[in-house]
Amino acid sequence: MEIIESIRGFISTEICSGSVQKIDDADLLIENGIIDSVGIMLLLGFIEEKFAITIDGDELIPENFSTIATISTLVGKKIG
Amino acid sequence: MEFSLTEEQKSLRDAVIRFARQEIKHDLSLCDKEGRFPIESWKKCAEMQIMALPFAEEYGGCGSDFLTTVVVLQALAYGCKDAGLVHAVITQILCGIQINLFGSLEQKNQYLPMLCQGEKIFAQAITEPEAGSDALGAMRTLALKVDDGYVLNGTKVFISNGPIADVVIVFALTDPAARRLDGVSTFLIEKDNPGFEQCRPIEKMGLCTLQNGELVFRDCRVSPTALIGREGQGAIIFNESMEWERSLMPAAHLGTLERVLETCVGYARKRSAFGQPIGKFQAVANKIVDMKTVFELGRLILYKAASIKSQGRRAGMEASIAKLFISEGLKQSCLDAVQVHGGYGFTREYELERDLRDSVAATIYSGTSELQRSIISRLMGL
């Protein structure tokens with residue numbers, strides 16, 4: 001729960017700068033333009049530092065960043 | 001906080017400077033004038049294993065960390081006056097980094113050894129006639145999925161190493177209707193692939209030994225094994241690649257800047273006017289002091305970016321700042337160097353005019369200075 005809320009909070013405040021009212025777990029982030037290529041850079045920097053993990057090349061696929069839920073699942077797996 | 005290089009890094013740097021001064025012997029003035037690629041010097045750089053630096057030994061690489069790679073490339077650009085050749089070498093390394101990070105085991109086994117040995121020349125094709133700074137958003141090259149792979153159609157321009165490349169990493173749209181973040185894919189295409197055409201090199205203002213040109217894909221059919229990473233992963237590969245590129249290209253700029261700075265110091269001490277060395281005049285000294293300031297500060301941010309990346313962490317902000325600050329600083333320093341040298345600076349013989357011409361491109365490729373500012377502002381949350 002803490003992971004998913006951290007990610008939601010970061011996307012809402014840092015990537016969207018509060019311009020999106022509410023982002024649900026299953027909202028499509030890329031498809032809806034919530035995250036773009038710079039947004040991915042920001043998000044990766046955040047999750048790698050916050051959760052002390054490294055996202056490897058084969059994990060850097062759009063599917064893993066499509067929703068807050070999929071990002072959270074990826075982070076959860078990396079934390080172990 | 002440690003600001004010094006290791007003994008190994010220092011000795012490698014010294015060896016590369018010696019190598020560049022003694023072994024890179026092509027007639028640069030002539031090659032620059034004729035727009036000719038110095039293939040013999042390329043081969044010597046390969047023998048020196050410069051292209052092999054950051055790659056694992058199992059692929060024929062040296063296994064160096066990223067900071068060491070940066071230090072070596074800075075040394076190469078300091079010792080070698082051919083910025084076009086250095087750019088070509090860096091392009092080769094960048095292609096290898098993409099294959100190493102995202103390629104399959106088969107792709108790594110097939111391509112990395114030949115890349116490390118400089119046996120084959122690599123290029124990466126992103127820019128298009130209508131897609132420069134907005135490389136992904138305005139991309140038109142299509143890779144249509146068919147039963148036995150993909151069919152590419154489109155045109156890429158200004159591709160470094162493009163006209164002489166044996167292997168090209170190509171970015172193309174596999175899902176034009178999707179958002180660009182998941183609609184782009186990356187392919188490895190060899191030069192003899194039917195439907196792939198390499199056009200003649202473009203004549204440029206500077207970096208004349210670097211071969212830049214148009215690549216055309218007309219029903220260019222490739223197998224599914226040509227795909228780097230997964231379908232739709234291209235934009236992420238591009239992003240990652242740019243971060244590496246913006247950490248490597250400034251290393252070359254910094255090496256050139258260091259050489260130009262030393263040339264100016266030497267000249268300002270030796271050349272006299274009104275009864276004293278021109279370096280004693282503030283108007284001249286200030287220009288050289290500004291060069292020194294850019295060099296020292298540029299080195300700090302570049303080594304910071306490289307150290308972060310050596311630790312396996314992201315350095316998007318640092319890399320963009322390094323690219324912006326050092327390339328702009330180099331351009332201004334080269335202009336000042338010509339001015340400090342007066343009439344001599346304007347001659348071909350003194351070679352500063354070539355450094356100046358070459359430096360202009362540094363603020364354009366790998367994302368213009370304007371784009372770097374835009375990225376930095378986004379990363380700052382503005």
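The values are calculated or read from the model by the stated rules, or taken from the named source; none is laboratory data. Because the structure is a prediction, the values reported are computed rather than measured. Here the Cβ positions follow ideal geometry from the backbone for every residue, glycine too, while neighbour counts run over all protein chains shown. Surface areas here come from the heavy atoms of the whole protein model, side chains and all, with no ligands, DNA or RNA. Shrake-Rupley method; radii C 1.70, N 1.55, O 1.52, S 1.80 Å.
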Would you tally the net charge around B:Arg180, using a Cβ to Cβ cut-off of less than 10 Å, leaving B:Arg180 out, and scoring K and R as +1, D and E as -1?
-> -3
With each label point set 7 Å from Cα along the Cα-Cβ vector, what nm distance links A:Ile53 and A:Ala69?
-> 1.7 nm
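If I stretch the segment between B:Asp175 and B:Asn153 completely, what's the gain in nm (0.36 nm per residue apart, minus their alpha carbon distance), one decimal? Show your work: numbers first, answer last.
Numbers: separation 22, 0.36 × 22 = 7.92 nm, distance 1.35 nm.
The span from B:Asp175 to B:Asn153 would gain 6.6 nm if fully extended.
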Specify the angular offset, from 0 to 90 degrees and rounded to the nearest 10, of the alpha carbon long axis of helix B:105-116 from the longest principal axis of the alpha carbons in chain B.
-> 30 degrees
Under 5 Å between amide H atoms, partner at least 5 residues away or on a different chain: which partners does B:Arg221 have, H built in plane at 1.01 Å?
-> B:Leu152
Å² of accessible area per residue within chain B, as computed with a 1.4 Å probe and no ligands counted | 43 Å²
For chain B, find the longest principal axis of its Cα atoms and tell me its angle to the long axis of helix B:352-362, 0 to 90°, nearest 10.
-> 40 degrees
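For n ≥ 4 DSSP H runs only, could you compute -39500 (n - 2.57) per run for chain B, divide by its residues and tell me the 222 nm figure to the nearest 500? Before the final figure, lay out each step's value.
Values: 13 runs with 200 residues, N = 382.
Taken over chain B, the calculation gives -17000 deg cm²/dmol.
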Angle between the Cα long axis of helix B:234-270 and the longest principal axis of chain B, 0 to 90 degrees, nearest 10?
-> 20 degrees
For the pair B:Lys191 and B:Arg36, the simple spin-label estimate (label points 7 Å beyond Cα toward Cβ) gives in nm 1.8 nm
Taking Cα centroids, how far is the range B:314-382 from the range A:3-80 in Å?
-> 34 Å
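At most 13 other Cβ atoms within 10 Å and a DSSP loop assignment: could you name the trypsin sites (Lys or Arg not before Pro) in the range A:1-76 that fit? The partial results should precede the final answer.
On the way: sites: A:Arg8, A:Lys22, A:Lys50; in loops: A:Lys22.
Counting only loop positions with at most 13 other Cβ atoms within 10 Å, the trypsin sites (Lys or Arg not before Pro) in the range A:1-76 are A:Lys22.
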Here the longest stretch of chain B that holds no GluC sites (Glu not before Pro) in a DSSP loop having at most 15 other beta carbon atoms within 10 Å is B:204-348
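So which of B:Lys25/B:Lys81; B:Lys292/B:Lys323; A:Lys50/B:Lys323 end up more than 21 Å apart, counting from Cα to Cα?
Checking Cα-Cα distances, A:Lys50/B:Lys323 exceed 21 Å.
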